[in-house]
Every structure is written in structure tokens, then in C-alpha cells.
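Written out below as C-alpha cells is the structure these notes cover.
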Amino acid sequence: MRERLESDIAFYYAVGVFIIAVFVVGMAAFAVFNPGGVGTVELVGLSGGFFLFMFVYFIAISIQRLEDGDSI
């Protein structure tokens, strides 16, 4: 596994996947422990905002790869 994380870009991808996993596990745990706590509107807003955040995060990684001269 260490060989895969040798480059900065691979590490950034791993961090992004970890953040997504934490979000999904957190939302699942919240739904189990407090089923009526979040309405549909709030859930759509929260998930949409998180999706936009992760979209910009991965776009930034792609731009970094272009700056380094790596092929996408």
C-alpha cells in the first residue's frame, strides 16, 4: 500500500475517498440513531453541498496533475 501513496496525487485521492467514506458512514449512523432527525430538504441540501465540495476537491487534484505535467 505504501507504494501506491508515494506520490502526492495518490495521497490526495486516498484522502478524498476517506472523506467520502466518513460522510457516508456518518449519515448512515445518524439515520439509524435518529431516523426522524433530518428531513428530505435538509438531506438533499447537505448531500448536494458535500457533492459540490468533493467535486471541486477532485477538480483541484486534476489541475494539480496538469501543473505537474502528468497525463490525465
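The values are calculated or read from the model by the stated rules, or taken from the named source; none is laboratory data. Keep in mind the model is a prediction, meaning the values are calculated, not measured. Glycine also receives a Cβ, built like all others from the backbone with ideal geometry; neighbour counts cover every protein chain displayed.
For this structure, a couple of remarks:
- Criterion: of a type in the set (Val, Ile, Thr) and modelled with pLDDT of 90 or more - qualifying residue of 24, 32, 41: 24
- Enumeration of residues in the stretch 24-67 that are outside any helix (DSSP H, G or I) and surrounded by 13 or more Cβ atoms within 10 Å (Cβ to Cβ): 38
- Pairs linking a residue in the stretch 41-61 that is without any contact (Cβ under 8 Å) to a residue 60 or more places away in the chain to a residue that is of a type outside the set (Phe, Trp, Tyr), with Cβ atoms under 6 Å and 6 or more positions apart or on different chains, are 57/16.
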